[in-house]
1. How would Met87, Met10 rank on accessible area, largest to smallest, probe 1.4 Å?
2. Please list Arg97, Arg33 from largest to smallest accessible area, probe radius 1.4 Å, with all protein chains kept in place.
3. Keeping every protein chain in place, order Ile95, Ile79, Ile43 by accessible area at 1.4 Å, biggest value first, i.e. largest first.
4. Can I get the semi-axes of region 34-141's equivalent ellipsoid? Compute them from the C-alpha gyration tensor as square roots of 5 times the eigenvalues, in angstrom, largest first.
5. So what is Rg over Rh here for region 1-70, counting just Cα atoms and using Kirkwood for Rh?
6. Suppose every K and R has +1 on its Cβ and every D and E has -1 on its Cβ; what is the size of the dipole of the chain about the Cα centre, in Debye to the nearest 20?
7. Rounded to the nearest 10 Å², what accessible area does Ser2 have for a 1.4 Å probe in the complete protein model?
8. For the chain, what is the mean residue ellipticity at 222 nm derived from helices alone (per DSSP H run of n ≥ 4: -39500 (n - 2.57); sum divided by total residues; nearest 500 deg cm²/dmol)?
Amino acid sequence: MSTDTIRKIMQDLSDRNSGVYRRPWRHQQESLRLFYQNRDLFITTGTGSDKTECFLWPTVSRLIHEVTSTPETWAILGIRVILLHPMNTLVSDQIGRLRKILGNTQFYDYFTRTTTGKRISQFGMYTGRTPYAGVHTQTQD
């Protein structure tokens, strides 16, 4: 994906108050740039500096790119991203951030107006507290 395409997607999301900042931190900008260079990332910065956006923004922009560039693959239901977190509280925080972007009505309006996608992204979470389907047995522990 070209730098201009990424910039346009991020600007559109920012203009719609969909969880993308108008003036992102340097580590957020660099993580987006390095992600699209297929580089591994390891982000360390202070508490409250919004490290979450370092993986959320590339994820969201890649989803938008898929639906606009290859709608035939987007039409196929499937898992696009798996995020692993070490703590349930972090999972809850991250799902809240995803909801802020993907569950936002401005994002939905943008997505349906600017893409040919017939469906919107879905997401969920699984933790050790997620109930099992069916009858719980000792072997499921």
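The values are calculated or read from the model by the stated rules, or taken from the named source; none is laboratory data. Owing to the predicted nature of the structure, the values given are computational and were not obtained by experimental measurement. Every residue, glycine as well, gets a Cβ built from its backbone with ideal geometry; the counts of neighbours run over all protein chains shown. SASA here: full protein model, heavy atoms, side chains in, ligands and nucleic acids out. Shrake-Rupley method; radii C 1.70, N 1.55, O 1.52, S 1.80 Å.
1. Numbers: Met87 105, Met10 20 Å².
Largest accessible area first, the list is Met87, Met10.
2. Details: Arg97 60, Arg33 110 Å².
Listed by decreasing accessible area, they come as Arg33, Arg97.
3. Numbers: Ile95 10, Ile79 140, Ile43 60 Å².
Order by accessible area, largest first: Ile79, Ile43, Ile95.
4. Working: eigenvalues 143, 91, 40 Å².
Ellipsoid semi-axes (Å, largest first): 27, 21, 14.
5. Details: Rg = 11.8 Å, Rh = 12.4 Å.
With Rh from the inverse mean 1/r over Cα pairs, Rg/Rh is 0.95.
6. On the way: 18 positive and 12 negative charges, 58 e Å.
Value, rounded to 20: 280 debye.
7. Estimated to the nearest 10 Å², Ser2 gives 60 Å².
8. Numbers: 6 runs with 69 residues, N = 141.
It lands at -15000 deg cm²/dmol.
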